[in-house]
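The values are calculated or read from the model by the stated rules, or taken from the named source; none is laboratory data. Just so it is clear, the model here is predicted, and its values are computed rather than measured. Neighbour counts are summed over all protein chains in view; Cβ atoms, including those assigned to glycine, are modelled from backbone coordinates with ideal geometry. Just the protein is used for accessible areas: all its heavy atoms, side chains included, with ligands, DNA and RNA removed. Shrake-Rupley method; radii C 1.70, N 1.55, O 1.52, S 1.80 Å.
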Amino acid sequence: AASPPRPVSLEELMETAKGVTNMALAHEIVVNGDFQIKPTELPEHSLEKKVRDIVHKAFWDCLEAQLKEEPPTYDHAIKLLGEIKENLLSFLLPGHTRLRSQITEVLDLDLIKQEAENGALDISKLVEFVIGMMGTLCAPARDEEIKKLKDINEIVPLFRAIFSVLDLMKMDMANFAVSSIRPKLMQQSAEYERKKFQEFLEKQPNSLDLVTRWLQEAAADLAKLRCKMLPPHCSADGATGGASALCSAAVQNQAYLKLLKWDHVNRPFPEVVLMDQTRFQEIQLELEQLLLIGTVLLVTFSAAGSALVDMPGFAEKIKTIVKVLLTGMHLPSFNLKESLATIGEKVCAEVNSCLSQHGFTPFSAERETVLKGQIQAVADPDNTICRLIDSRIQKFLENYLASSHQKSLPAVPGGLGPIQRELEEIAIKYVRLVNYNKMVFSPYYDAVLGKILTEE
């Protein structure tokens, strides 16, 4: 029986939460090649937005009032110039010696204060220098924003716009830093995530219960499959290593395949893949849609015979039709039977159009009825063709997992040719996710499977 979790202090809990947050961020940067920092937008009509807007308005109103005094008061303006100076300096690299000297010389706050006290301060000239320097330092994507700054004549709106563009430039700099550290982070993140998970595990000793159950089920599934298909010993598949290690790798692959059939609503996800639950779920939904597309294509080609198999562009047209009509298929309001009925109508029309264009006899009404019926039958979970396509997709993913160290993809099983490109794209994404997870958590898998396989 699992031992009860020990009480955890608030300090320990907060420290653990911080560690998990940092681990999730590092994981996101490594796994998501499109990861970018984006500006925070407060919800409209929210209390936070109202408070922020009030404070900002009060600040800018105060600045405007000071500048309209006779003579003008520049206290607020000089503070803003100081912030702008710090922002500009933060964008510089070590080699930007000349630019650093220019910024420091022109935005010399002590000199600016003296000029303000003597009535000799030309605020417009300083702002013009700031805009020019921003244009020099910003990314090309911000050129349009810099150009707009030059068209603003009133000083207060111009200051507000300058700070808005500076925020965008800081975000650009942060995203550049993220992309720069990603290769190095990839090398270190596996150790980092493993260390953070170990810290979490020490505070919550039962944190591998779901993983244990997941691997036990995978081992049981694999044992049943091998009893039917293979001798009762673990096949080495030409690899080196002991039998237990080989079985461990096979069980792990079987476990990852189970994630593609997971009941996310009613069953908790294993702890070590929890950060990627959304990604595995997205892949699962993509495969479910691809399964229906592949089945419709196979049924259509079987009905049309050899006439349309090699016809350029025909398969792509059918795929486009089916994809569009299956949009939102995982929403509760989606009616699969109605969509398949519409797909049947559209596919028959496309088949007859292509056959006529290339000098073949179009389908008779009877053949159309048969094809429409076969397409509608895809909605049945026990549909023979659908189950055949599903098993071949799973076999392809299984082969890819087993040979993921090789550069080339395994051969696509028969009948999946029309969806080969989409299947390979999903497989690459899926195996990359699996291999990274193995890299991080393999010691825990080996420990759990060591006990399971010994008992077996």
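Computed quantities for the displayed model
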{"item": "Unsatisfied cross-links (Cα-Cα over 32 Å) in the set Lys258/Lys346; Lys68/Lys148; Lys49/Lys125", "result": "Lys258/Lys346; Lys49/Lys125"}
{"item": "Lys113-Ala141 FRET efficiency (beta carbon distance; Förster radius 41 Å; 0.05 resolution)", "result": "0.70"}
{"item": "Segment Glu425-Phe129, extension gain: residue separation times 0.36 nm, minus the distance between their alpha carbons", "result": "101.6 nm"}
{"item": "Rounded to whole Hz, the Karplus (6.51, -1.76, 1.60) HN-Hα couplings of segment 250-258, x for glycine and proline", "result": "5, 5, 4, 4, 5, 5, 5, 5, 5"}
{"item": "Residue-wise HN-Hα coupling along segment 419-434, computed from phi with Karplus coefficients 6.51, -1.76, 1.60 (Hz; x: Gly, Pro)", "result": "10, 4, 4, 5, 5, 5, 4, 5, 4, 4, 5, 5, 5, 4, 5, 5"}
{"item": "Two-site FRET efficiency, Ala58 against Leu285, from Cβ-Cβ distance with R₀ of 56 Å, rounded to 0.05", "result": "0.70"}
{"item": "Surface accessible to a 1.4 Å probe, per residue, for the residues of segment 47-179, Å²", "result": "61"}
{"item": "Accessible surface of segment 47-179 [probe 1.4 Å, protein heavy atoms]: carbon and sulfur percent", "result": "54"}
{"item": "Accessible surface, segment 299-443, averaged per residue in Å² (probe 1.4 Å)", "result": "53"}
{"item": "Label-point separation in nm, Lys261 to Lys148, each point 7 Å along Cα→Cβ", "result": "5.3"}
{"item": "Calculated SAXS-style log₁₀ I(q)/I(0) at q = 0.11, 0.15, 0.17, 0.23 Å⁻¹ - segment 349-456, Debye, Cα scatterers", "result": "-0.61, -0.88, -0.99, -1.16"}
{"item": "Taking the convex hull of Cα positions in segment 292-355, its mean projected area over all directions (nm²)", "result": "4.0"}
{"item": "J(HN,Hα) series, segment 261-272, from Karplus relation 6.51 cos²θ - 1.76 cosθ + 1.60, nearest Hz, glycine and proline x", "result": "10, 6, 8, 5, 6, 10, 9, x, 7, x, 4, 6"}
{"item": "Segment 38-79 and segment 127-142: distance between their alpha carbon centers, rounded to Å", "result": "23"}
{"item": "Pairs of alpha carbons in segment 47-179 whose separation is greater than 18 Å (percent)", "result": "58"}
